[in-house]
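First comes the structure, then the notes that go with it.
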Amino acid sequence: MGVFQKRRFRNFLNYVHDYEQDKPSTHQDLDLTRMTMRDVFTHFKCDMNTITFSGHALALYRDDDYLDDVSQTLVAVEKIKLYAYSLSRYGNSPYIYPMWGLGGLPEGFSRLSAIHGGTYMLNRPIEEILYDDDGKVRGIKSQGEEARCKQLLGDPSYFQESGTVEKTGQVARWLFIMDHPIGNTSNADSCQIIIPSRQTGRKSDIYISMVSDNHQVCAKGKYVAMMSATVETSDPQASLTPYAKELLRGWDKEIFFVSDTYAPTTECMASTNNVFVSTSYDATTHFETATNEVLEIYTRMTGDEVDLTISADPEALEEAQLNP
């Protein structure tokens, strides 16, 4: 990014930072309800590299369709504002990662669920989904035992024989164990890299996430990196190899695997049988799509939206605890 482009990009970021929809004084005579993001970028004279960086690395869009979609303009601005806020709040990265790895998330859920009377049947196959006379789900059968429920939530692996899910593609994942951090990251102990499709000639982005012993997920002095991408060729490992070699600069161990992805059918989504099926994890390593789906399924199951309006600032959290 040249000197002039840096200045234009800074002007764009300052505009996004200051923008508030209910305060016309922050709009700089730009009507974001009628403009596309392409129009906004053009106004600030951002070049295509800056646009690609903003859309894919900051706003976390997976393609460029948002550029010409008026309904996405305000959404994109809020996405970039969220990235900037998170970066200022958490320091060197806008991302947070649980100590001891992602397994801490289901562990925390399990403990909370147990407090509220949840029952666990671990490592048990699902033999049959049971329905009542009205076609509503009433439970599942496993090894001769029944577990009853009013609603059933599951990932596509439990429904592949039921005809309620359909294959949507494949994701290639490449796990690396290294004795060094990823290059050109100032020896960061963790990082997130998004390689936009525009820069690779692919149809979709390539994602790389790295964590280390500081997160208590590997041995001292080791780093764990995951590269993932939507499969677009008959040899996905070969297509990703140039990027792995250039960015990772060697590794001690590697595991490469390809996973099929599934999504509930249109009929399943429209069903009123109280069975809710999620989609498979996509190639993204920042989990935004998975998080959005959790919120969407919650609304479908309860009829309410998750209230995330509370500020994450320490003062606001303390106030919420004092005045619930």
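The values are calculated or read from the model by the stated rules, or taken from the named source; none is laboratory data. From a predicted model like this one, the values you see are computed outputs, not experimental measurements. Here Cβ is always computed from backbone atoms with ideal geometry, including for glycine, and neighbour counts include all displayed protein chains. Accessible surface areas use protein heavy atoms only, side chains included; no ligands, DNA or RNA. Shrake-Rupley method; radii C 1.70, N 1.55, O 1.52, S 1.80 Å.
If only the Cβ of Lys and Arg carry +1 and only the Cβ of Asp and Glu carry -1, the dipole of the chain around its Cα centre is close to 1120 debye. Just need the relative contact order of the chain here, percent rounded to a whole number, with Cα pairs under 8 Å and 6+ apart. Reported relative contact order: 15 percent.
Result for the chain in a Gaussian network model with C-alpha springs under 10 Å: among 52, 164, 266, the largest mean-square fluctuation is at 266. Amide H contacts of residue 165: 265, each under 5 Å away and 5 or more positions distant or on a separate chain (H built 1.01 Å from N in the peptide plane; Pro and chain starts excluded). Which residue fluctuates the most in the chain, going by a Gaussian network model with Cα springs under 10 Å, if the choices are 39, 235, 260? It is 235. Counted by Cβ distance under 13 Å from residue 4, the other residues give a net charge of +4, where Lys and Arg count +1 and Asp and Glu count -1. Ellipticity at 222 nm from helices only: DSSP H runs of n ≥ 4 in the chain, each -39500 (n - 2.57), divided by the residue count, give -9500 deg cm²/dmol. Report, to the nearest whole %, how much of the accessible area of the chain belongs to carbon and sulfur atoms, 1.4 Å probe, protein only. Ligands and nucleic acids excluded, carbon and sulfur reach 51 percent. Note on residue 97: accessible area approximately 80 square angstrom, rounded to 10, probe 1.4 Å, nucleic acids and ligands left out. In terms of accessible area, using a 1.4 Å probe and ignoring ligands and nucleic acids, 68, 22, 282, 189 rank largest first as 22, 68, 189, 282.
Surface analysis of region 56-214 yields an accessible area of 61 Å² per residue, using protein heavy atoms and a 1.4 Å probe. Comparing 292, 49, 184 in a Gaussian network model of the chain, where Cα atoms under 10 Å apart are tied by springs, the biggest mean-square fluctuation is seen for 184. Only lysine pairs 8 or more places apart, or on different chains, with alpha-carbon atoms under 20 angstrom apart are counted in the chain, and they number 12.
The length gained on full extension between residue 29 and residue 151, counted as 0.36 nm times the residue separation minus their Cα-Cα distance, comes to 39.0 nm.
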